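The values are calculated or read from the model by the stated rules, or taken from the named source; none is laboratory data. Note that the structure is a prediction, hence the values are computed from the model and not measured. Please note: Cβ atoms are built from the backbone with ideal geometry, for glycine as well, and neighbour counts cover all protein chains shown. All accessible areas refer to the heavy atoms of the entire protein, side chains included, with ligands and DNA or RNA removed. Shrake-Rupley method; radii C 1.70, N 1.55, O 1.52, S 1.80 Å.
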Amino acid sequence: MRSGPALAPASPASRPLPVGRDFLDLADHDAHRLRAFLTDAARLKSGELSGPLLAGRTLAMIFRKSSTRTRVSAEAGMTQLGGHAIMISEQDSQIGRGESVADTAKVLSRYVDAILVRTFAHEEVLEFAREASVPVVNGLTDLLHPCQVMADLLTAAEEFGPVLEGLRVAWIGDGNNVANSWLNAAARLGFSLRLACPEGYDPDPAILDRARRDAGAQLLRDPAEAVAGAHVVTTDVWASMGQEDEVAAREAAFAGYCVDDALMARADRSGIFLHCLPAHRGEEVAASVIDGPRSRVFEEAENRLHVIKAVLLGLIGPSSPS
Ligand code: CP
Ligand code: NVA
């Protein structure tokens, strides 16, 4: 909860977002800040950084879509840091009855220290951030999933070292929210990223352009070409949340985009497999890959916890000593 003027004037929708206050988009942060979050996540994981660093602080979590990892890692993370999280689902709050984003953001800002939002339109998270006076965390939108890719980067760093510039990453499948966040990470951190997406399922064009310009990211059609020599091979479901009525069309479009043993054989010998989960074995990934020796999906899922703790700590800041 931030203190402010007793009668704060209503803010116009065009008010610019405060730089660096929120965690909405990896592209909003420079390499130094992203590395600092990753370093803190590693220190939290090792126990080097511990204690009730967010004692007395509260996180509100708004979910308009289902979640296991994002919700539980944020809630457990707040508990572990001595704070508290409140789950707010659409159906049992006034959000489901149409209360505006602006009013919700303003009210919650008077109770809590940060707000995590998972929703459909990315614009809604931006609106929360504009209207809130506390930090807002993007817990996934149709466009981006920044917390996920930070956990993926931590997993890659554990395997290949903290200097990520030499990393070669291959994304296979849908140019979706996770793919867009990989592109933003590449643009900021400068590692090599090759995506293989079927035509019609490309990533966001502006995000792709920036990653092409800043990191030489490549969009290909052939998964075998994208995977050649990769340290990290990663994919995601063919139909994301909200695309349930496209499942049949997507299954047809993504035939040939399954990460199987033959594809993994083309990666670097040390190459690992990542998937944000939940996964559909036999669709975007063969069971032998996701359950095999090169898979790091459960380390990756665990790293969601360490990353969200580091992000919340970085945004809210440690509690003052009593
Ligand atoms: N990877 C991920 O965001 O999982 P949830 O949908 O379970 O939060
Ligand atoms: N692309 C997936 C990620 C789920 C964590 C979705 O948006 O449903």
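Look at (1) more than 16 Å from ligand 2 (Cβ to nearest atom); (2) in contact (Cβ under 8 Å) with a residue 60 or more places away in the chain and you find that residue 87 fails only one, number (2).
Condition check: in contact with a Pro (Cβ under 9 Å, 6 or more places away or on another chain) and among the small types (Gly, Ala, Ser). Does residue 132 satisfy that?
No: the conditions fail for residue 132.
Taken together, 39, 104, 70 contain a single residue that is at pLDDT 95 or above, open to solvent by 30 Å² or more (accessible area, probe 1.4 Å), of a type in the set (S, T, N, Q) and not in a strand (DSSP E or B), which is 39. Residues in segment 107-128 that are touching a strand residue (DSSP E or B) at 6+ places or on another chain (Cβ under 6 Å) and either open to solvent by 50 Å² or more (accessible area, probe 1.4 Å) or within 16 Å of ligand 1 (Cβ to nearest atom) (or both): 4 in all.
Taken as a whole, the structure leaves residue 266 outside the set of residues that are surrounded by fewer than 15 Cβ atoms within 10 Å (Cβ to Cβ), among the basic types (Lys, Arg) and modelled with pLDDT of 95 or more. Within segment 25-49, residues that are farther than 10 Å from residue 188 by Cβ have Cβ atoms under 8 Å from residues that are acidic (Asp, Glu) in these pairs: 42/158; 49/40, counting only partners at least 6 apart in sequence or on another chain. The set of residues in segment 275-301 being under 19 Å from residue 118 (Cα atoms) and out of contact with any helix residue (DSSP H, G or I) (no Cβ under 8 Å at 6 or more places or on another chain) consists of 278 alone. Residues in segment 163-183 that are away from ligand 2 (no atom under 16 Å from the Cβ), at pLDDT 95 or above and assigned to a loop (DSSP other than H, G, I, E, B): 167 only. Applying the condition of being open to solvent by 70 Å² or more (accessible area, probe 1.4 Å) and of a type outside the set (A, V, I, L, M, F, W, C) to segment 247-263 and asking which residue is farthest from residue 142 (Cα to Cα) yields 261.
If we keep just the residues of segment 55-67 that are open to solvent by less than 50 Å² (accessible area, probe 1.4 Å) and hydroxyl-bearing (Ser, Thr, Tyr), which is nearest to ligand 1 (Cβ to nearest atom)? Of everything passing the filter in segment 55-67, 67 is nearest to ligand 1 (Cβ to nearest atom). Residues of segment 129-175 that are in contact with a Cys (Cβ under 9 Å, 6 or more places away or on another chain) and within 12 Å of ligand 1 (Cβ to nearest atom): 138, 139, 140, 145, 148, 149, 151, 152. The single condition among (1) within 16 Å of ligand 2 (Cβ to nearest atom); (2) assigned to a loop (DSSP other than H, G, I, E, B); (3) closer than 16 Å to residue 314 by Cα that residue 52 does not meet is (1). Taking first residues from segment 160-173 that are open to solvent by less than 10 Å² (accessible area, probe 1.4 Å) and partners that are basic (Lys, Arg), the Cβ contacts under 7 Å between residues at least 6 apart in sequence or on separate chains come to 170/194.
With respect to the conditions (1) in a helix (DSSP H, G or I); (2) out of contact with any Leu (no Cβ under 7 Å at 6 or more places or on another chain), residue 140 lacks only one, and its number is (1). For segment 284-322, filtered to residues that are over 22 Å from the mean Cα position of the chain (by Cα) and closer than 24 Å to residue 247 by Cβ, the residue that is most open to solvent (accessible area, probe 1.4 Å) is 291. Do the conditions hold for residue 239, that is, is it open to solvent by less than 10 Å² (accessible area, probe 1.4 Å), on the phi < 0 side of the Ramachandran plot, aliphatic (A, V, I, L, M) and modelled with pLDDT of 95 or more? Considered against the rule, which asks whether it is open to solvent by less than 10 Å² (accessible area, probe 1.4 Å), on the phi < 0 side of the Ramachandran plot, aliphatic (A, V, I, L, M) and modelled with pLDDT of 95 or more, residue 239 comes out as no.
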